[in-house]
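In what follows, a single structure is set out as structure tokens and then discussed.
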Amino acid sequence: MFELINLCYLRHRYTYWARHGVKGPNYVDISEFISKFTDTCIGNYRRYGRIYGAYFFTNNWLIVNEPELIKDIVVKDFQHFPNRYDMNLGQTGLSSALFFMRGDDNWKRILREELNALDTDFTYENLNQCQYLNAVIDESLRLAPPLASIQRECIRDYKLGNTGITVPAGTNIEFQPYVIHRDPELFADPDQFKPERFLKPTHHPYAYIPFGGGPRLCVGMRFALNEMRMCIAKIVHKFEFTLAPGFEMDYFTGSILITPKQVLVTIKNC
Ligand code: HEM
């Protein structure tokens, strides 16, 4: 009953998007939002497309999962969006999902061959040159971007590309790497773990944004990538990991931070 009254109040009070012909759920169902964040994002994308309006408590939100518009917002028109609405900096650092992605395990063999071919100890310089290692990291951050959503606060009224939408000052814009990275028009077979797609990438540069973009890009990006390269190289070089029989990876999806629920693996010396 309380929920119904709440819903009627929200529908009556917050009408900006509906009045301006912007589709969307128009209010955010807090219980769904908390328990199934990523599922809700994918569901909304399927229902409303890449751009839709919502309200979160008393704030106007516009979800923009269109790479070309993201580029405008984070780079070209940065002066309209210098701030983030909110930022939770609890990165997982090393993508713990990495070794356990479903799909063809051939990639582990190719990665080991690339690492074995290095004739010195692992260094910042030589790991940086390892194309396949970098592709494996990129692909794992595509499928499981630790930060599922990135925000910007609009500080002046803004015309959003040629969508006809005017974003009023005070609106929060949200991009959802989790959704964009799984958009089948941007990445073929989006649910498959295929590092090869990053060897000669053809995607729009703003279709892959695990670290955000523009002047507010993650300041820890280089550090995080170097850390991942070194850790993964050392582990893959010495050990072989396989998911325990019958075990399927599952992630906590009730937060903008994506982390695996548990990992059961078999480890062998190489
Ligand atoms: C895989 C690891 C990481 C991922 C995926 C990640 C992702 C992100 C993302 C998406 C943002 C927001 C960017 C935007 O709004 O455009 C961000 C911001 C930030 N990250 Fe990271 N991050 C990672 C590791 C780190 C590490 C290791 C550090 C620190 C050593 C760090 C420090 C920061 C800081 C300080 C900001 C705010 C930058 C600003 O406001 O200008 N991050 N990160």
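Here are the numbers:
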{"read-out": "Answer from Lys194, Lys200 - the residue that is under 22 Å from Cys130 (Cα atoms) and free of Cβ contacts under 8 Å to residues at least 40 places away in the same chain", "value": "Lys200"}
{"read-out": "Helices (runs of 4 or more DSSP H) (entirely within the range 1-47) containing at least 1 residues that are at pLDDT 65 or above and crowded, with 18+ Cβ neighbours inside 10 Å", "value": "16-19"}
{"read-out": "Single condition Thr92 does not satisfy, out of (1) modelled with pLDDT under 90; (2) buried (at least 19 other Cβ atoms within 10 Å of the Cβ)", "value": "(2)"}
{"read-out": "Meets criteria (touching a residue at least 24 places away in the same chain (Cβ under 8 Å), more than 16 Å from the ligand (Cβ to nearest atom), hydrophobic (A, V, I, L, M, F, W, C) and in contact with a helix residue (DSSP H, G or I) (Cβ under 7 Å, 6 or more places away or on another chain)) for Leu127", "value": "no"}
{"read-out": "Residue that is farthest from the ligand (Cβ to nearest atom), among those in the range 175-220 that are part of a loop (DSSP other than H, G, I, E, B) and among the small types (Gly, Ala, Ser)", "value": "Ala188"}
{"read-out": "For Ile63: the one exception among (1) of a type in the set (A, V, I, L, M); (2) under 14 Å from the mean Cα position of the chain (by Cα); (3) in a helix (DSSP H, G or I)", "value": "(3)"}
{"read-out": "Matching entry among Phe198, Phe241, Phe211 (being at negative phi, of a type in the set (A, V, I, L, M, F, W, C) and touching a strand residue (DSSP E or B) at 6+ places or on another chain (Cβ under 7 Å))", "value": "Phe241"}
{"read-out": "Top-ranked residue of the range 130-149 - restricted to ones that are surrounded by 20 or more Cβ atoms within 10 Å (Cβ to Cβ) and charged (D, E, K, R), ranked as nearest to the ligand (Cβ to nearest atom)", "value": "Arg142"}
{"read-out": "Residue that is touching a Cys at 6+ places or on another chain (Cβ under 9 Å) and either surrounded by fewer than 19 Cβ atoms within 10 Å (Cβ to Cβ) or within 30 Å of Arg50 (Cα to Cα) (or both), where the choices are Ala224, Ala207, Ala233", "value": "Ala224"}
{"read-out": "Condition check for Arg152: within 11 Å of the ligand (Cβ to nearest atom) and of a type in the set (D, E, K, R)", "value": "yes"}
{"read-out": "Selected residue [buried (at least 16 other Cβ atoms within 10 Å of the Cβ) and aliphatic (A, V, I, L, M)] from Leu243, Leu217, Leu264", "value": "Leu243"}
{"read-out": "Within the range 150-177, considering residues that are within 24 Å of Arg216 (Cα to Cα) and among the small types (Gly, Ala, Ser), the one surrounded by the most Cβ atoms within 10 Å (Cβ to Cβ)", "value": "Gly161"}
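To keep it simple, each residue is scored yes or no on (1) at pLDDT below 85; (2) among the hydroxyl-bearing types (Ser, Thr, Tyr); (3) under 23 Å from Arg182 (Cα atoms).
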position	(1), (2), (3)
Pro195	no, no, yes
Pro205	no, no, yes
Glu227	no, no, no
His237	no, no, no
Gly246	yes, no, no
Tyr251	yes, yes, yes
Ile256	yes, no, yes
Thr266	yes, yes, no
Cys270	yes, no, no
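The values are calculated or read from the model by the stated rules, or taken from the named source; none is laboratory data. Note that this is a predicted model, so its numbers are computed, not measured. In this analysis, Cβ positions are derived from the backbone assuming ideal geometry, glycine residues included, and neighbour counts consider all displayed protein chains.
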